[in-house]
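Only one structure is covered here, and it is reproduced in the block below.
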Amino acid sequence: MEERYVPGDFWRCCDVCGLKYRSSQTRKRWDGAWVCLSDYEERHPQDFVRGRKDRQSVPESRPEPTETFVSGSVDVIYAPDAEQVLAPDGDMVVI
């Protein structure tokens, strides 16, 4: 590369490859880096896509039903890892 004087065309270092180029052979990239023509790339079109707002409401909502409990008698309270269970009268039953 010949290093002769060119009026108004100064030397600039490429931010990607680190080589020395004339300012006429460099461009400023979208992220602010000064790069040579071989390292220059346009900004990707997906960077300009804007999201749309979602409607997050339920179209047909209903109130939550009240809880109903079924009462009844329990014959034996059982614990799966126990060797004994408790009968309704309070006696321990061996399994």
- Among the residues of segment 7-61, which ones are among the β-branched types (Val, Ile, Thr) and in contact with a strand residue (DSSP E or B) (Cβ under 7 Å, 6 or more places away or on another chain)? VAL16, THR26, VAL35
- Is it the case that some residue within segment 31-38 is at pLDDT 90 or above, out of contact with any His (no Cβ under 8 Å at 6 or more places or on another chain) and of a type in the set (Asp, Glu)? yes
- Enumeration of residues in segment 22-47 that are assigned to a loop (DSSP other than H, G, I, E, B), hydrophobic (A, V, I, L, M, F, W, C) and surrounded by 12 or more Cβ atoms within 10 Å (Cβ to Cβ): ALA33
- Query: List the pairs whose first member sits in segment 1-29 and is touching a residue at least 40 places away in the same chain (Cβ under 8 Å), whose second member is surrounded by 12 or more Cβ atoms within 10 Å (Cβ to Cβ), and whose Cβ atoms are under 8 Å apart, counting only residues at least 6 apart or on separate chains?
  - Reply: none
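The values are calculated or read from the model by the stated rules, or taken from the named source; none is laboratory data. Remember, predicted model here, so these are calculated numbers, not experimental data. No Cβ is skipped: glycine too gets one built from the backbone with ideal geometry, and neighbour counts run over all protein chains shown.
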